[in-house]
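Have a look at the structure below before the remarks.
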Amino acid sequence: MTNIARTIHTYEIVGYDAYFVDVLPDLTEILSELTDENSYFIIAINEAVCNAAKYSVYGYEEAKIKIELIITNEDVTATVISKTKPFNALEYRNKLLKLKENAVVGIYWNFRKKSRLLDDAYGCGLSLYRHKQR
């Protein structure tokens with residue numbers, strides 16, 4: 001049985017602008033220490049945070065967003081959660097599943113019906129996985 005080292009970074013912000021001031025510099029530093037090829041992963045996290053704010057029931061300025069970065073010796077997982085307006089999660093998930101087949105993107109999507117980070121967050125939570133290259 002292999003021991004998997006695990007580091008968790010958790011951020012809770014209010015408002016979309018807080019992401020760029022309080023979180024993005026830290027994420028960029030953390031991910032740059034892991035690999036030189038982190039730009040697409042950061043872009044994906046940026047997009048997830050933008051969507052979390054855009055669809056938040058509180059709006060851009062007051063969006064309550066939780067970001068969790070889990071780093072193991074196997075992979076890096078970023079989870080972005082916000083209480084969002086209702087939408088057709090099944091239809092949205094099916095569209096996102098098409099991205100899984102895109103070899104250029106190289107990002108796998110993991111869907112949750114209920115968030116494990118926020119008790120009142122429902123819908124389609126996304127975890128982005130970037131597997132280390134062999």
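The values are calculated or read from the model by the stated rules, or taken from the named source; none is laboratory data. Just so you know, these numbers come straight off a predicted model, no measurement behind them. Backbone-built Cβ (ideal geometry, glycine too); neighbour counts: all protein chains shown. Remember, those area values only see protein heavy atoms, side chains included, never the ligands or the DNA or RNA. Shrake-Rupley method; radii C 1.70, N 1.55, O 1.52, S 1.80 Å.
Restricted to region 88-104, and to residues that are at pLDDT 75 or above and not in a loop (DSSP other than H, G, I, E, B), which residue is most open to solvent (accessible area, probe 1.4 Å)? Across region 88-104, the extreme among qualifying residues is LYS98. Evaluated against (1) surrounded by 15 or more Cβ atoms within 10 Å (Cβ to Cβ); (2) aliphatic (A, V, I, L, M); (3) modelled with pLDDT of 80 or more, ILE107 falls short on exactly one condition, (3).
Determine if region 11-34 includes at least one residue that is over 30 Å from ASN88 (Cα atoms) and not in a helix (DSSP H, G or I). Checked region 11-34: no residue is over 30 Å from ASN88 (Cα atoms) and not in a helix (DSSP H, G or I).
Tallying residues that are surrounded by 13 or more Cβ atoms within 10 Å (Cβ to Cβ) and of a type in the set (Gly, Ala, Ser) within region 1-15 yields 1. Return yes when ALA18 is open to solvent by less than 80 Å² (accessible area, probe 1.4 Å), within 17 Å of the chain's Cα centre (by Cα) and at pLDDT 80 or above and no when it is not. Spelling it out, ALA18 is indeed open to solvent by less than 80 Å² (accessible area, probe 1.4 Å), within 17 Å of the chain's Cα centre (by Cα) and at pLDDT 80 or above.
Set side by side, the residues ILE71, ILE81, ILE67 differ, and just one is modelled with pLDDT of 95 or more and either within 20 Å of GLU29 (Cβ to Cβ) or within 18 Å of the chain's Cα centre (by Cα) (or both), which is ILE67. With respect to (1) loosely packed, with under 15 Cβ neighbours inside 10 Å; (2) within 30 Å of ASN3 (Cβ to Cβ), the lone exception for ILE45 is condition (1).
Only residues that are of a type in the set (Asp, Glu) and open to solvent by less than 20 Å² (accessible area, probe 1.4 Å) were counted in region 56-87, giving 1.
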